[in-house]
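The values are calculated or read from the model by the stated rules, or taken from the named source; none is laboratory data. All values reported here derive from a predicted model rather than from experimental measurement. Note that each Cβ is placed from the backbone with ideal geometry, even for glycine, and that neighbours are counted across all protein chains shown. Ligands, DNA and RNA are stripped out before the accessible areas are found, and what is left, the full protein with its side chains, is counted by its heavy atoms. Shrake-Rupley method; radii C 1.70, N 1.55, O 1.52, S 1.80 Å.
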Amino acid sequence: MTTRPIRIAPSILSADFARLGAEIEAIDKAGADYIHVDVMDGHFVPNITFGATVMASVRKLTTKPFDVHLMIAPADPYLADFARAGADIITVHAEAGPHLHRSLQAIKAAGKKAGVALNPATPVSALEHVIDNIDLLLIMSVNPGFGGQSFIPAALTKLAQANALIGARPIDLEVDGGITPENAGAAAKAGCNVFVAGSSIYGGNDPATYAPRIAALRAAATL
Ligand code: DX5
Ligand code: ZN
């Protein structure tokens with residue numbers, strides 16, 4: 001459990017890309033706290049989405065923070081691009097390169113909040129020595145690359161460990177992958193306060209469903 005504010009972060013990975021702008025406006029209106037932007041390179045993960053140019057073109061449609069999840073390796077050459085494109089939080093994977101500390105310095109130097117994501121097999125202890133350099137810690141509860149996968153229960157243990165490592169620091173603890181109203185409560189109990197959800201918000205791509213789905217996740221996460 002956490003005293004940090006609960007935030008719901010719909011992932012535009014599951015948006016209808018033919019109507020991407022309208023899909024972002026719709027989740028903004030429906031009560032999203034963050035807009036979660038999944039960037040994939042077909043190299044670090046086995047799927048390709050979009051880059052900073054597409055992101056920049058939709059940035060002006062909402063004032064909500066852009067929570068940019070970079071599933072790319074290397075990440076460093078692109079950090080400035082995503083900062084310029086309007087990212088508010090830039091998250092890199094701990095597994096994406098040998099110099100995580102340098103990546104975090106570069107994100108901060110660009111004036112953005114810095115996040116680190118951990119794949120399911122990477123221990124929380126990997127962040128012990130950079131915990132004071134981050135604003136967001138993202139526990140992956142699926143193997144990154146695709147929406148619509150099932151939540152990996154071991155993520156709950158990792159969330160609790162991450163919560164203990166964070167302690168009283170003002171760091172968002174985020175979970176990403178397979179999040180539904182059925183498991184959001186358990187994640188919240190483990191200390192999570194930012195809930196990424198792709199298919200459980202955007203599934204079916206009917207804007208009329210977005211507000212009740214965001215509300216259901218928020219209710220489940222509010223202990
Ligand atoms: C997975 C992405 C997630 C994805 C979540 O690699 O990082 O953000 O969109 O989608 P769901 O909620 O459908 O698991
Ligand atoms: Zn993501």
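Would you mind getting me the FRET efficiency between A73 and R169? Use the beta-carbon distance for r and R0 = 25 Å, nearest 0.05. The value I calculate is 0.40. Accessible surface calculations at 1.4 Å, restricted to protein heavy atoms, place region 7-221 at 40 Å² per residue. Each DSSP beta bridge with both residues in the chain is either parallel or antiparallel, and the antiparallel ones are about 5%. Oblate is the label for region 7-221. Its Cα gyration tensor axes, ordered a ≥ b ≥ c, give a/c of at least 1.5 and b/c at or above a/b.
Summing +1 for each Lys or Arg and -1 for each Asp or Glu among the other residues whose beta-carbon sits under 12 angstrom from that of G31 gives +3. Which of rounded, prolate, oblate describes region 96-143, given a ≥ b ≥ c as roots of the alpha-carbon gyration tensor eigenvalues and a/c under 1.5 marking rounded, otherwise prolate only if a/b is larger than b/c? Here region 96-143 falls in the prolate category.
The distance separating the Cα centre of region 121-195 from that of region 1-45 comes to 17 Å. Annotation: aspartates and glutamates with alpha-carbon distance below 20 angstrom to K64 (same-chain offsets under eight excluded): D16, E23, E25, D28, D33, D38, D81, D88, D135, D172, E174, D176.
Here the relative contact order of the chain, from alpha carbon pairs under 8 Å that lie six or more residues apart, stands at 23 percent. Computed over protein heavy atoms with a 1.4 Å probe, the carbon and sulfur contribution to the accessible area of the chain reaches 57%. By the rule of a C-alpha distance below 17 Å, with chain neighbours fewer than 8 residues away ignored, the lysines paired with K158 are K189. Each residue was assigned an accessible area with a 1.4 Å probe, and for F146 the value is about 100 Å².
Between the beta carbons of A80 and K189, assuming R0 = 35 Å, the FRET efficiency works out to 0.35 to the nearest 0.05. Rounded to 0.05, the FRET efficiency of the A211 and A121 pair, given R0 = 35 Å and the Cβ-Cβ distance, is 0.45.
The calculated 222 nm mean residue ellipticity attributable to helices in the chain amounts to -8500 deg cm²/dmol, summing -39500 (n - 2.57) over DSSP H runs of n ≥ 4 and dividing by all residues. Taking the Cβ of P181 as the center, what net charge do the other residues with Cβ under 15 Å away carry, scoring Lys and Arg +1 and Asp and Glu -1? That sum, taken over residues with Cβ under 15 Å, equals +2.
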